[in-house]
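The values are calculated or read from the model by the stated rules, or taken from the named source; none is laboratory data. Treat the numbers as computed from the prediction; the structure is a model and nothing was measured. With ideal geometry, Cβ positions are generated from the backbone for all residues, glycine too; neighbour counts draw on all protein chains shown.
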Amino acid sequence: MAALTLCPDPSWLYAGLCGYWTPFFGGRAVPLASRMNLIPFSQGDSLFNLLGNMVMFAPFGFFTALLWRGWNGKRALAAGLAVTVFVECWQVLAGRYFDVDDIILNALGFLCGYGLWRLARRLVPGRMEKFYVRFNEEQQ
């Protein structure tokens, strides 16, 4: 996922495999305003793009709930927003497109992952307890 979100262009992988390389922050100069969409859902994205952004971040919401005690919906949403804002701001520096839709949908994906964790915890509570991180009293 890091290659898809943090690298300048997904074609960098193909370029490296084919023997030519472009600098990370290289590329043609494009005005910053033309690489940003700050109006939510104004681009008419496809259903594949909308669902893909949510599905891509759902595992993070699920697995962070397994790792940390006291994880709740507010924390899942805050973590999802923090991670996706970082990713989108990094994409501006890497010469990619900043889209507020991605921030909203990725954070919702994080929250959906948390919801799946809650559902799994209710349906199979004995199985979910095996995955929680436990600390010795000496480590606390």
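Out of (1) in a helix (DSSP H, G or I); (2) within 23 Å of Asn37 (Cα to Cα), the odd one out for Trp117 is which? Exception for Trp117: condition (2). Total residues in the stretch 64-88 satisfying the condition of being more than 13 Å from the chain's Cα centre (by Cα) and not charged (D, E, K, R): the figure is 8. Residues that are of a type in the set (A, V, I, L, M) and at pLDDT below 90 within the stretch 121-140 comprise Val124, Met128, Val133, listed in sequence order.
Of all the criteria given as (1) surrounded by 15 or more Cβ atoms within 10 Å (Cβ to Cβ); (2) outside any helix (DSSP H, G or I), the one not satisfied by Asn53 is (2). Which of the residues that make up the stretch 74-127 are among the aromatic types (Phe, Trp, Tyr) and either surrounded by 14 or more Cβ atoms within 10 Å (Cβ to Cβ) or touching a residue at least 24 places away in the same chain (Cβ under 8 Å) (or both)? Residues satisfying the conditions are Trp90, Tyr97, Phe98, Phe110, Tyr114, Trp117.
Let's see how each residue does on (1) among the β-branched types (Val, Ile, Thr); (2) closer than 29 Å to Ala120 by Cα; (3) modelled with pLDDT of 90 or more; (4) not in a helix (DSSP H, G or I):
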site: Gly61; (1), (2), (3), (4): no, yes, yes, no
site: Gly70; (1), (2), (3), (4): no, yes, no, yes
site: Ala79; (1), (2), (3), (4): no, yes, no, no
site: Val87; (1), (2), (3), (4): yes, yes, no, no
site: Asn106; (1), (2), (3), (4): no, yes, yes, no
